[in-house]
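The next block holds one structure in the form of structure tokens; read it before the comments.
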Amino acid sequence: MIEAFLSSPMFGLALSIGTYLLGKAIQNKVKHTLANPLVIGAAFTIAVLAVFKIPYENYAKGADVINWMLGPVTALLALGIYNQRKTLKEYFIPVLVGCVAGACTSIFSILALCKAFGVDKAVTAAMMPKSCTTPIAVSIAESHGGLAAIAATCVAVAGITGALCAPMFSKWFGIKDPMAQGLATGACSHALGTATAREMGEVQGAMSSIAIGVCGMISVVISLFMTV
Amino acid sequence: MSVLKQLCLIFAICLGSECISAVLPFTLPASVISMVILLLLLLVKAVKPAQLKEVSDFMLGNMALFFIPVVSGVIRYKDVLFANFWAIILICVLTTPLVFFVTGHVVQLTVRLMKKKEGKQHD
């Protein structure tokens, strides 16, 4: 029976959705940045696989079905950009200049540090897009031979750091302009940071979500010219 | 559009993007191409956001779910992860504030320069 249980694609599907729902329930209760459904869901999934010594391949049978949806999810990010088109048009120059600066700083500083620490290629390529939103980061990492799993993990770490620290960073670094605060938050910590940016103010929230799309696109373009 | 039509449209866009990605001479991820195609379709009003409402609300509203398999996949690479553990942590801790700092100041500087220029035009 255990054999049937583990070899069914329903196992991976049920485990992923179950742990996600658990993560969402905890988020609703705790209401803390660290209580993020992705972090909790992945942590519980990993814990179940590790504790019961279930091979990843068994989980992947069902989980792959969810994985296939990453393409459509990325396509739908277009809606977010489209909905912000008026704000984007109005503040086009500062948004573009800021996001180019942010994306370049992120990619070049990560590549330089990876080289300095002697990090291997598959990890360097995975870390390179870590400031981008997960679907874009995974695409960039994979097209450069990076491990998607490491990329997604680093994206989550960057997101949590930004989400927790954005108000402090603004104060320490003397970023007072609300537009600059929002763009900076979105540029370094994508969707997770945007949740915090919304708490900081309406302008910050809108600008942060604009930065997700614009920085993502710019990072894709820059990464075309990068070899890891 | 019915939910099935919405799904069919999005899958068709993704399929087309994979074909485009395969023939491009450089590596542009298919998912990013599909995002650009959908954005163009929205901008030329071939598709209205309301027509994709059910599917987009579901997928974007539960976006974290779609990344649980990818992130959980890290269990396969624990050796790689532990071998580079401190480097990864240090890089994450250093670069996130750096990107915030640079982006924030560049935007503030740009806004200041633009105001200055505007002021001069008024003089």
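Listed residues A:Thr161, A:Thr124; which is buried (at least 21 other Cβ atoms within 10 Å of the Cβ), polar (S, T, N, Q), in a helix (DSSP H, G or I) and touching a residue at least 60 places away in the same chain (Cβ under 8 Å)?
Of the residues listed, the single one that is buried (at least 21 other Cβ atoms within 10 Å of the Cβ), polar (S, T, N, Q), in a helix (DSSP H, G or I) and touching a residue at least 60 places away in the same chain (Cβ under 8 Å) is A:Thr124.
If we scan region B:72-91, do we find a residue that is of a type outside the set (A, V, I, L, M, F, W, C), out of contact with any Cys (no Cβ under 9 Å at 6 or more places or on another chain) and within 30 Å of A:Val97 (Cα to Cα)?
No, every residue in region B:72-91 fails to be of a type outside the set (A, V, I, L, M, F, W, C), out of contact with any Cys (no Cβ under 9 Å at 6 or more places or on another chain) and within 30 Å of A:Val97 (Cα to Cα).
For the list (1) among the hydrophobic types (A, V, I, L, M, F, W, C); (2) surrounded by fewer than 17 Cβ atoms within 10 Å (Cβ to Cβ); (3) under 17 Å from the mean Cα position of the chain (by Cα), I need the number of the one condition that B:Ile89 fails.
Among (1) among the hydrophobic types (A, V, I, L, M, F, W, C); (2) surrounded by fewer than 17 Cβ atoms within 10 Å (Cβ to Cβ); (3) under 17 Å from the mean Cα position of the chain (by Cα), B:Ile89 violates only (3).
I'm told B:Asn62 meets every condition in (1) at the interface with another protein chain (Cβ under 7 Å from one of its Cβ atoms); (2) surrounded by 15 or more Cβ atoms within 10 Å (Cβ to Cβ); (3) closer than 24 Å to A:Val214 by Cα except one. Can you identify the failing condition by its number?
All conditions are met except number (1).
Looking at (1) touching a Gly at 6+ places or on another chain (Cβ under 8 Å); (2) closer than 16 Å to B:Gly61 by Cα; (3) of a type in the set (Val, Ile, Thr), can you tell me which one A:Ile17 breaks?
(1)
Which residues, counting only those in region A:40-90, are in the same structural domain as A:Gln27 (by TED's automatic domain parsing), surrounded by fewer than 20 Cβ atoms within 10 Å (Cβ to Cβ) and of a type in the set (Ser, Thr, Tyr)?
A:Tyr56
B:Glu18: facing chain A (nearest Cβ under 9 Å), more than 23 Å from A:Ala42 (Cβ to Cβ), surrounded by fewer than 17 Cβ atoms within 10 Å (Cβ to Cβ) and of a type in the set (D, E, K, R), yes or no?
yes
So A:Val119 clears everything in (1) outside any helix (DSSP H, G or I); (2) more than 17 Å from the chain's Cα centre (by Cα); (3) closer than 30 Å to B:Pro49 by Cβ except one condition, right? Which one?
(3)
State all residues of region A:73-110 that are more than 7 Å from chain B (Cβ to nearest Cβ) and under 18 Å from B:Phe101 (Cα atoms); if no residue qualifies, say none.
Within region A:73-110, A:Val95, A:Leu96, A:Cys99, A:Val100, A:Ala103, A:Cys104, A:Ile107, A:Phe108 qualify.
Would you say B:Ile10 is outside any loop (DSSP other than H, G, I, E, B), closer than 12 Å to A:Gly71 by Cα and either facing another protein chain (nearest Cβ under 7 Å) or aromatic (Phe, Trp, Tyr) (or both)?
For B:Ile10, the condition - outside any loop (DSSP other than H, G, I, E, B), closer than 12 Å to A:Gly71 by Cα and either facing another protein chain (nearest Cβ under 7 Å) or aromatic (Phe, Trp, Tyr) (or both) - is met.
Here's a check for you: in region B:26-42, which residue that is in a helix (DSSP H, G or I), within 7 Å of chain A (Cβ to nearest Cβ) and of a type outside the set (S, T, N, Q) is surrounded by the most Cβ atoms within 10 Å (Cβ to Cβ)?
Ranking the candidates gives B:Met35 first.
The values are calculated or read from the model by the stated rules, or taken from the named source; none is laboratory data. Everything numeric here is computed off the predicted structure, so don't read it as measured data. Note that we place each Cβ from the backbone using ideal geometry, even for glycine, and neighbour counts take in every protein chain shown.
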